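J.: Pasting in a structure now, in structure tokens, and then I'll have a few things to ask.
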Amino acid sequence: MDFLKLKKEHQEFLLHVLGGETRVHSYQLVYPKASYQVAANKSTALCRKKEIKGIIDRDRLARGSMIEAQAQKTIENLQAIAFADVDDLFDEAGKVKEIKNLPKAIRQSITEIEINGDGTYKLKLNGKIEALKLLAKITRLTSEHSTNVQVQVIAEGDRDAKIKDILVKAMAREE
């Protein structure tokens, strides 16, 4: 059933539920004279109705996909910061590149730009150590209660070995 074909009260109830309110509170917002017990029973019954349950389930599925995409984007941004290479700031002649010519990973790492009167500029980049710590925590290289690195996977290839070495050194500096 389509949302618009529901009774007006049920639409309002759903809007509150989908907006983050509890079922009971949502019911009481629509029916303010309902006691807590009545609201608990009636809201449970409403949420079991096929058409209302279907709308709630579709919303949860959509939110789950959106959260998963946001989590992936966050990890990608952390990786860009953590593994940005300072060499990417310079051209073949050793001069600092124009901002528009910097790789995306470096541009994403910029937190502050100070432009001088002579056309030169000073960049401040996000902290690699913080990004490495967050990535280590996300990938479970560290426990939640400790900053010590617990290497759980044997690194393969030069990049993985370098990443592992960077993480170990970063965590050692913090102790």
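No lab work stands behind these numbers, since they all come straight from the coordinates. In this text, all values refer to a predicted model and were calculated from it rather than measured experimentally. Ideal geometry is used to build each Cβ from the backbone, glycine not excepted, and the neighbour counts take in all protein chains shown.
J.: Could you tell me the extents of the stretch 49-145's C-alpha atoms along the three principal axes, largest first, rounded to whole Å?
T.: Here the spans come out as 69, 33, 23 Å, largest first.
J.: Let me ask something else about it. Using Cα centres only, tell me the gap between the stretch 74-129 and the stretch 11-64 in whole Å.
T.: Cα centroid of the stretch 74-129 versus Cα centroid of the stretch 11-64: 48 Å apart.
J.: Shifting gears a bit: For K137 and V38, what does the FRET efficiency come to when R0 = 41 Å and r is the distance between their Cβ atoms, rounded to the nearest 0.05?
T.: Working: r = 45 Å, r/R0 = 1.10.
Given R0 = 41 Å and the Cβ-Cβ separation, E is 0.35.
J.: Assuming 1.567 mPa s and 4 °C, estimate D for the stretch 84-126 with Stokes-Einstein, Rh taken as the Kirkwood radius over Cα pairs, in µm²/s. Don't skip to the answer; put the middle values down first.
T.: Numbers: Rh = 10.8 Å.
The diffusion coefficient I find is 120 µm²/s.
J.: As a quick test, which of the pairs K53/K137; K95/K137; K95/K133; K7/K33; K5/K73; K7/K50 have an alpha carbon distance above 26 angstrom in this structure?
T.: Exceeds cut-off: K53/K137; K95/K137; K95/K133; K5/K73.
J.: Using modelled backbone amide H atoms (1.01 Å from N, in-plane), which distant-in-sequence or interchain residues come within less than 5 Å of L125's amide H?
T.: Long-range HN contacts for L125: T111.
J.: Further question: Spelling out what I want: for every residue of the stretch 124-133, take phi, set θ = phi - 60°, compute 6.51 cos²θ - 1.76 cosθ + 1.60 (Karplus), and round to whole Hz; glycine and proline get x.
T.: Once θ is set to phi - 60°, the couplings for the stretch 124-133 become 10, 9, 4, x, 5, 4, 4, 5, 5, 4 Hz.
J.: So which GluC sites (Glu not before Pro) in the stretch 95-141 pass both tests, a DSSP loop state and at most 11 other Cβ atoms within 10 Å of the Cβ? Spell out each step's value before the answer.
T.: Details: sites: E98, E112, E114, E130; in loops: E98.
When the GluC sites (Glu not before Pro) of the stretch 95-141 are filtered for loop state and at most 11 Cβ neighbours within 10 Å, E98 remain.
J.: Please give the FRET efficiency for I110 paired with T22, using the beta carbon to beta carbon distance and R0 = 41 Å, rounded to the nearest 0.05.
T.: Values: r = 42 Å, r/R0 = 1.03.
So the FRET efficiency works out to roughly 0.45.
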